[in-house]
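Peer 1: One structure, pasted below without further comment.
None of the figures in this text is laboratory data; all of them are computed from the coordinates on show. This one's a predicted model, so the numbers in the text were calculated from it and none came from an experiment. Note: ideal-geometry Cβ built from the backbone for every residue, glycine included; neighbour counts use all protein chains shown.
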Amino acid sequence: MYFGKVRKKGPSDRVPPNQNVTTSFPVLHYGNVPYYKNLDNWTLKIFGQVEHEVILSYKELMDLPQTTSGNDIHCVTGWSKLDNVWEGVSTQQLAKLARPKEAARFVILHAEENWTTNLPIEDFLKETSLLAHSHNGEALTPEHGFPLRAVIPHLYFWKSAKWLRGIEFSLENRPGFWEENGYHMYGDPWKEQRMTWD
Ligand SMILES: Nc1nc2c(c(=O)[nH]1)N[C@H]1C(S)=C(S)[C@@H](COP(=O)(O)O)O[C@H]1N2
Ligand SMILES: [Mo]
């Protein structure tokens, strides 16, 4: 006897349960899209439980070794987009600069307008996680996170903060914006961890 949830089968093993593939690129967020006149005052701060706090200018970020990564993304509202190609800097590369302390267990991503999201340090540092400045060969548009967004493809896409400005290594897990509003603390699309109680 099966007592679990009844789940529709996805169109392929690349699509998590109850997701629909779209070829468009929906825009989804809470709050306002920042439009930067220039990036002179833009910085990315890596702080918290780190050996070296780091504040990178946009140029310093772009001068770091670059990486290209292909993946599928899955939004909690039910759309999935396959075969994205992102270019940017790997999260492991950034960790080399700041050197998270051994006690660090979680990462809080800080975006413009104080929007945040949280995830375990292992997930942030996974080899497939990166901070991207371009998608499918083009610079990110303002709506999709220009100049820099996180891409954490193995979790629901709300963990992939757009307009990223800070990376905080933390001893404890703290719910971010959507997590405080009922979304799951972890968000594994394959387990359908959509809401807190899933
Ligand atoms: N700063 C910020 N990042 C965010 C969000 C947000 O509200 N603010 N929404 C998340 C959600 S729910 C999704 S599905 C993706 C959407 O990214 P896209 O608009 O590029 O498709 O961004 C994520 N990153
Ligand atoms: Mo989402």
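Peer 1: Pick out which of A95, A103, A161 has the largest mean-square fluctuation in a Gaussian network model of the chain, springs linking Cα atoms closer than 10 Å.
Peer 2: Top of the fluctuation ranking is A103.
Peer 1: Let me ask something else. If each DSSP helix of 4+ residues adds -39,500 (n - 2.57) and the sum is divided by the residues in the chain, what number results at 222 nm, nearest 500 deg cm²/dmol?
Peer 2: Helix contribution divided over all residues of the chain: -2000 deg cm²/dmol.
Peer 1: If the convex hull of the alpha-carbon atoms of the chain is projected onto planes in all directions, what is the mean projected area in square nanometres?
Peer 2: 11.8 nm²
Peer 1: Follow-up question, since we're still on this one. Apply the Debye scattering formula to region 107-198, with a single equal point scatterer on each alpha-carbon and no solvent, then give log10 I(q)/I(0) at q = 0.15, 0.18 Å⁻¹.
Peer 2: Rounded to two decimals, the profile gives -0.54, -0.78.
Peer 1: D63 to Y30: FRET efficiency via 1/(1 + (r/R0)^6), r the Cβ-Cβ distance, R0 30 Å, to the nearest 0.05?
Peer 2: 0.40
Peer 1: Now for a different question. Which Cα, out of G88, H154, A139, lies furthest along the positive dipole direction of the chain (beta carbon charges, K/R +1, D/E -1)?
Peer 2: The residue sitting most towards the positive pole is H154.
Peer 1: Could you line up Y36, Y156, Y30 from fewest to most neighbouring Cβ atoms inside 10 Å?
Peer 2: Lowest count first: Y30, Y36, Y156.
Peer 1: Still on this model: Which pairs break 21 Å Cα to Cα here: K45/K159; K37/K59; K59/K81?
Peer 2: Flagged as over cut-off: K59/K81.
Peer 1: Looking at region 85-140 from every direction and averaging, what is the projected area of its Cα convex hull in nm²?
Peer 2: 4.5 nm²
Peer 1: Give, rounded to the nearest 20 debye, the magnitude of the charge dipole that the chain has about its Cα centre when Lys and Arg contribute +1 at Cβ and Asp and Glu contribute -1 at Cβ.
Peer 2: Result for the chain is approximately 460 debye, rounded to the nearest 20.
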